[in-house]
Amino acid sequence: MENLRSHVDSAFSYAPGKAILVGEHAVVYGARAIAMPLLNGVRVAVSKLPSDQKSVGPLIRGMGLFLGDISLNSSSAPPNFLLALEYLVKTFGARTNELFVLVDGSLPPGRGLGSSAALSVALLRGISQYFGEPLSHEMLWEHASALETIFHGRPSGIDHSVVIHGSVIGFQRRDNELKLWPIKVKHPLTFVVGIASPHAGTKNAVARLNDRRMRHERMYARLFDGLDELAGLMEEALTLGRLSQIGELMNMAQGYLNALSVSTAELERLCELARKNGALGAKLTGAGGGGAVIALTENDGHDLANTFRTLGFQSFVTNVSGTAVKNLGESHAY
Ligand code: PMV
């Protein structure tokens, strides 16, 4: 069959951000976790670099997610970006020198909202599509895993799993065995995301938590067991559509995260504000130590989002339903 590449001038792809509903950190120690995609995500357009321009590896121009141009010959790019680019060149070969990649996104980075996983998946989908060699689900997962390792150290894999899957998932990694299962949410849910100060990096948060765990091994094991049980209850509440129970379980998860010392005064304040303004439940999401909170609402969420904004916090509303986030464009080529 004729190579699709001969018909493709540009390829476009999209990958959603993510939030963890229950189980961050505990998932690193084998507990079950539940994650959901966000409507906000990362869009990528891959086309041919104009012939009067030269690049080593793809030339990546960030618009929303980051600003400016990055290629392997740019000295100012952050080191992990350069390593990620090297990985892309290793994966797709020297033909990546001819690529111009526009990246646009509506995910604030460093907030535990899956911006690096979404960027990785959107780039992998867009570039493979451009070359007419779309990656299988398994290969996409493997490459996204390698890129996430560059960005985050040794991630559990929950971020890129939910970003690739595009709908609510249960996730567990124990003794090197990975389990991932779809969770059918009975009723559509509306969450308000409140953005706090950036965190100091997932790698750092995971390492510091491990230091504390070594000092309080038995207590931490109990906390992880509690979070694992919460994940089981959360799955049941989601599939049965028990809205107020989902909210209460989120509040409990936040209590556990506080006990694990990954919450901050600012995150607690945002959770409290959400609850006082009618949210059924609120918790931090992701690595903590900064980042973002998610709050479950019974209405369209705009009042709470405005309350957050009035107090100086960025905010957006996201919805979760039983179907995958596809509306903003699965990978496709023109
Ligand atoms: O990268 P973040 O902030 O979304 O955190 C990921 C969740 C952790 O459980 C803290 C780390 C991991 O690898 O699962």
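The values are calculated or read from the model by the stated rules, or taken from the named source; none is laboratory data. Quantities reported herein were computed from a predicted structural model and do not represent experimental measurements. Using ideal geometry, Cβ is built from the backbone for each residue, glycine included, and neighbour counts are taken over all protein chains shown. Accessible surface areas use protein heavy atoms only, side chains included; no ligands, DNA or RNA. Shrake-Rupley method; radii C 1.70, N 1.55, O 1.52, S 1.80 Å.
Filtered by the rule that a residue be at pLDDT 95 or above, away from the ligand (no atom under 15 Å from the Cβ) and either in contact with a helix residue (DSSP H, G or I) (Cβ under 9 Å, 6 or more places away or on another chain) or not in a helix (DSSP H, G or I) (or both), the stretch 137-164 gives Met139, Leu140, His143. Scanning the stretch 88-106 for residues that are open to solvent by less than 20 Å² (accessible area, probe 1.4 Å) and not in a strand (DSSP E or B), we see that the one that is nearest to the ligand (Cβ to nearest atom) is Leu88.
Going residue by residue through the stretch 269-283, is there one that turns out to be of a type outside the set (S, T, N, Q), open to solvent by less than 70 Å² (accessible area, probe 1.4 Å), part of a helix (DSSP H, G or I) and within 16 Å of the ligand (Cβ to nearest atom)? So far as the stretch 269-283 goes, yes, one or more of its residues are of a type outside the set (S, T, N, Q), open to solvent by less than 70 Å² (accessible area, probe 1.4 Å), part of a helix (DSSP H, G or I) and within 16 Å of the ligand (Cβ to nearest atom).
Annotation for the stretch 65-87: no member residue is within 16 Å of the ligand (Cβ to nearest atom), under 30 Å from Leu230 (Cα atoms), open to solvent by 10 Å² or more (accessible area, probe 1.4 Å) and not in a strand (DSSP E or B).
The set of residues in the stretch 29-44 that are more than 12 Å from the ligand (Cβ to nearest atom), surrounded by fewer than 23 Cβ atoms within 10 Å (Cβ to Cβ) and more than 20 Å from Leu102 (Cβ to Cβ) contains only Leu39. The set of residues from the stretch 107-136 being within 14 Å of the ligand (Cβ to nearest atom) and either touching a Phe, Trp or Tyr at 6+ places or on another chain (Cβ under 6 Å) or at positive phi (or both) comprises Gly110, Gly112, Gly114, Ser116.
Criterion applied to Ala146, Ala231 was being of a type in the set (Gly, Ala, Ser) and open to solvent by 10 Å² or more (accessible area, probe 1.4 Å), and the one residue passing it is Ala146. The requirement of being of a type in the set (A, V, I, L, M, F, W, C), more than 30 Å from Tyr220 (Cα to Cα) and touching a His at 6+ places or on another chain (Cβ under 9 Å) is satisfied by Leu88.
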